[in-house]
Each structure stands twice: as C-alpha cells, then as structure tokens.
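All remarks here apply to the structure that follows.
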Amino acid sequence: MMKVAVPTRADVVDDHFGHCEAYTIFTLDENGQIKDFELMPSPQGCGCKSNIASILQQNGVGIMLAGNMGVGALNTLNLHGIEVYRGCSGDIHQVVKDFAQGKIRDSKESCRNHQHHGEGVGHQCNH
C-alpha cells in the first residue's frame, strides 16, 4: 500500500501547496489502484511554516503530487521522507491515476520569489 497526498481546491490540484483548501490523501494498492481517499483540512499558515509535513508523515504519506511550492516546503517535505512531484495540474483523481501509471515526473521547478508579507496577506509567488 502507498499513500499519496495532493493539495486540493475543488477537486483539482491547487497550484500552490501552501495555500490549498485541503489535502486529499489517496491510498493505492500494490497494483496502483485507488483503494480509498480522504480529505484532510489544510492547517493555517504557509506550507513551509505549518506542521503539515509531520502530519502527512504520521499518516503514512510517502508521495506529494503538487502544482508548485517554494524551496522551503520542498525541503521540509523531503526531510519528512515525502517525495515531491511538482508541476501537476487538473483533476486530482486523474493525476493520481497518471502517477500510478508512471506518467508523472517532477518538473523540478520551485517558486523562486517566495516573499512573506503582512499577517493575513499571504505571499507572492512569481513563476
């Protein structure tokens, strides 16, 4: 069994990991078929500053299929044993199926300008 997390907004991959509505955690069987999935609300705050990496690790997640994220979030997830594939988009169920079929590769692109602004404003992400 393998667990895959996807930053989600309205059943599509959220383009920015740190500001998604929730994470959908898929459980895949040994043949790569989706056996189950659950929605986990996103913690408050930026992805790299929240405790999401440890929560996902505790839930057995080993793969993150994401749109994009800053280097801080990428490093934090990697330190928690979670392999990240950036550049994903579209319907979350299709993205997970494509991953199981070996069609997903990491884009190797991170948000380069990751600037934090005032409280509640969030941050700018220039791709």
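Miscellaneous remarks
- If the condition is being touching a Lys or Arg at 6+ places or on another chain (Cβ under 9 Å) and modelled with pLDDT of 95 or more, then region 67-85 contributes only Tyr85.
- Test: residue in region 26-37 that is farther than 14 Å from Val4 by Cβ and either surrounded by 14 or more Cβ atoms within 10 Å (Cβ to Cβ) or modelled with pLDDT of 95 or more (or both): no
- For region 103-125, the set of residues classified as modelled with pLDDT of 50 or more, touching a Gly at 6+ places or on another chain (Cβ under 9 Å) and not in a strand (DSSP E or B) consists of Ile104, Arg105, Asp106, Ser107, Lys108, Glu109, Ser110, Arg112, listed by residue number.
- Tally of residues being closer than 12 Å to Ala66 by Cα and polar (S, T, N, Q) across region 91-111: 2
- Positions within region 65-83 being of a type in the set (A, V, I, L, M, F, W, C) and farther than 18 Å from Arg9 by Cβ, in sequence order: Val71, Leu74, Leu77, Leu79, Ile82
- Qualifying residue in region 22-32 (condition: of a type in the set (A, V, I, L, M, F, W, C), part of a loop (DSSP other than H, G, I, E, B) and in contact with a Gly (Cβ under 9 Å, 6 or more places away or on another chain)): no
- Out of Leu39, Leu74, sole residue that is touching a residue at least 24 places away in the same chain (Cβ under 8 Å), under 13 Å from the mean Cα position of the chain (by Cα) and part of a strand (DSSP E or B): Leu39
The values are calculated or read from the model by the stated rules, or taken from the named source; none is laboratory data. Worth saying up front: this structure is predicted, and the values here are computed from it rather than measured. Glycine also receives a Cβ, built like all others from the backbone with ideal geometry; neighbour counts cover every protein chain displayed.
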